[in-house]
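To keep things clear, I will list the structure first and then write my remarks on it.
The values are calculated or read from the model by the stated rules, or taken from the named source; none is laboratory data. Quick caveat, the model's predicted, so the values are computed rather than measured. With ideal geometry, Cβ positions are generated from the backbone for all residues, glycine too; neighbour counts draw on all protein chains shown. Just so you know, the surface numbers come from the protein's heavy atoms only, side chains and all, with ligands and any DNA or RNA stripped out. Shrake-Rupley method; radii C 1.70, N 1.55, O 1.52, S 1.80 Å.
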Amino acid sequence: MNVPQKPKTDLMHGESEIATLKDVRQLQGSNSDGRKGNLICTNFRLRFVTVDGESSPEEATHNFIGTDDIPLCKISAIYKVSNDKKKRLKRSKIVHQIGLKCMQVYCKDLGVHTFNFEPTKTEDTRTLIQTILHFASPDKNDLLFVHDTKKLPMSNGCGEGRASVDGQLMTSKWKPRDFLTSRDFEEVLPRPGTERIWRITELNRKFKVVSEMPESFIVPAVVSDRLLREAATKYDNKRLPAWTYTHTNGYSLLTSPTFSPEAASIEIELSESVKRTGADPLKIDLTKSLCSVSDIQTAFAKMFSICAVDSDAEFHSTDNSVYSQLDSAHWLRYISFALRVSCKAARRIRQGRSSVIITENGSDLSCMVSSLVQIMLDPSSRTIKGFQALVQRCWVAAGHPFCERLNLISSPSMSKHITPVFLFFLDCVHQLMVQYPSAFEFSEIYLISLWDSCLLGLFREFIYSTNKDRVESVTGEGQLPSVWEWELQYSTDYLALFRNPLYQLSVVEKHHPPHRMLKPIYHLSQIEVWTSFFYRHTAPTQIINGGKPAEYFQQCLLVEEVTELLNRKARVDYGALRTSVLYFNAFKSSSLRMLQKLQTSYLTSTFPFKNSICRNVSDISLCKLLEHSEVLSNNVNDDDIQRQRKPFQHGNF
């Protein structure tokens, strides 16, 4: 939205200013003059504060960072620009003063931020850049900012939806179990009648066997702890066979390392145990069926070079060849492969033909495929609660190396570039949402916000590479913040954007078969570029009052119309009213609040992440889109409705 907000000047607890550079110009798109201000580097973020106090034309949506802030963990690379030539700056080398007039900050969310230093002192500029390089690439996990802060701040303004006791932030919102102990897995253990097939093993207590996996997990009952321990120690396996999911028909999905020939006895016993569920299990070797992790890294690097443009001129110069470039990146091709393999496994289980064992040297691809299979088979995994539990169990607890893949720290053992396997998975989910638009409770805004949370470096789920490190981080003061406590980051209004209007409409209309399987078309021609993610920072691609945000807006209107019709019926039948709990909602708590928002706001195709345009917007407010809607107009008496209505019960997250 375009409501001006004062820039955030307050620092988080434990945050301190390290270096400041005055008289800097932030260049924005076609605006060659940019904005003048001060560039401040703290131990958490890079902040740009205008001299005159003028803020970004976009509304601040996050409670921790302003629209002009760049979290240091989000920085991918820093370049100095001189005479139209770029040179990447590295922490290990001294930044030379020659030609140090312009800096470009490339971020892992594909944003590019350009700062002009010409009016400033060269030595001060060099000091600032060296500071950024140092704090953006800490040597070890303990040096991340989250270990310096003892509490997270209240939101801007009213602190809506939160409570504070003695300065500590309290929350009652639901979040999934950690899935690290036997108690967590007891709730998901397949029952009834499968006690002889599956069991919970605790051989990994205190992570003495494998640090990547949880202390407890589910395994075939016939496979003894002795064999599992032998597989982990004698054959140097960092992973062990584990149960992942059991369908309602009794057939299951398992993950397993690729055993060496010397460990053939363990593989045979695993297969024999799974046979008890029916036919011989289908084995899918992801090393042979899918791209490698390094392939994903290379593909993302190419997508980054295509979509992360630093100027309108660069965008237009490559626009004619963008399709051939996207094809050569192979990102979409690899997504097609992932959906094909996942659909094959899901069909096998759904048709009651056999269980499936996924094998891989590592955990990256098995995390992804096992998650996609469950999303295709289990409707509960497509709800907000179910999806969060899925990510927690199949990614976080399963030991996906987030710290390493997100390149949060600088270490010789870690890759020099980000390897976004989790983003690759989120894009696969997005493709399913495109083909089944009413099957998911959450929206693509939720998926993008989840990825953004990975890059903040604040949440315990994403800053470690092993469960051992995650558990050992718990001190006497309690655990680090959880990403699933969304109200810490966003306001109640923004959280409403996480909900998919079409899902709510399908639930009301009862168009959701209880066990419907998603069968995606995985042909390459059906795989779309995730424009809301890859191009959200690219100004030339913005469509005013258009794009997917405009579709979302119209979908909200449709749900409101249906809700109003149900309300009219309910007033006659029961005297109770329903509410859609969506972002564009006629039944907000304050009178005419939504109408005022519509009269002063507009949409671009990059809403809500980037929503600023350099032109007069008085003639393109959202009210222009409401000419045929009765619900979101003055015809609705909000005060009367609030006195009458009884909230329609929805599952809160």
(message) Only one of S271, S317 is over 29 Å from the mean Cα position of the chain (by Cα), polar (S, T, N, Q) and within 29 Å of G34 (Cβ to Cβ). Can you tell me which?
(response) S317
(message) Anything in the range 348-393 that is β-branched (V, I, T) and within 15 Å of T287 (Cβ to Cβ)? List them, or say none.
(response) I357, I358, T359, V369
(request) Any residue in the range 213-239 that's β-branched (V, I, T) and open to solvent by 30 Å² or more (accessible area, probe 1.4 Å): show its pairings with residues that are assigned to a loop (DSSP other than H, G, I, E, B) and modelled with pLDDT of 85 or more at Cβ separation under 9 Å, as long as the two are six or more apart or on different chains. (result) T233/V209
(message) I want to confirm something. Restricting to the range 303-336 and keeping residues that are among the hydrophobic types (A, V, I, L, M, F, W, C) and within 19 Å of P520 (Cα to Cα), which single residue is surrounded by the most Cβ atoms within 10 Å (Cβ to Cβ)?
(response) W331
(request) Inspect the range 337-347 for any residue being of a type outside the set (S, T, Y), open to solvent by 10 Å² or more (accessible area, probe 1.4 Å), more than 30 Å from D280 (Cβ to Cβ) and over 26 Å from the mean Cα position of the chain (by Cα) and give the result as yes or no. (result) no
(message) Please determine whether any residue of the range 531-542 is in a loop (DSSP other than H, G, I, E, B), open to solvent by less than 60 Å² (accessible area, probe 1.4 Å) and modelled with pLDDT under 85.
(response) yes
(message) Take the conditions modelled with pLDDT of 85 or more, of a type in the set (D, E, K, R) and surrounded by 19 or more Cβ atoms within 10 Å (Cβ to Cβ) and apply them to R88. Does it pass?
(response) no
(message) Exactly one condition in (1) within 30 Å of V210 (Cβ to Cβ); (2) in a loop (DSSP other than H, G, I, E, B); (3) more than 18 Å from the chain's Cα centre (by Cα) is false for S438; which is it?
(response) (1)
(request) Residues that are crowded, with 21+ Cβ neighbours inside 10 Å and polar (S, T, N, Q): find the helices (runs of 4 or more DSSP H) completely inside the range 360-427 holding 2 or more of those. (result) 364-377
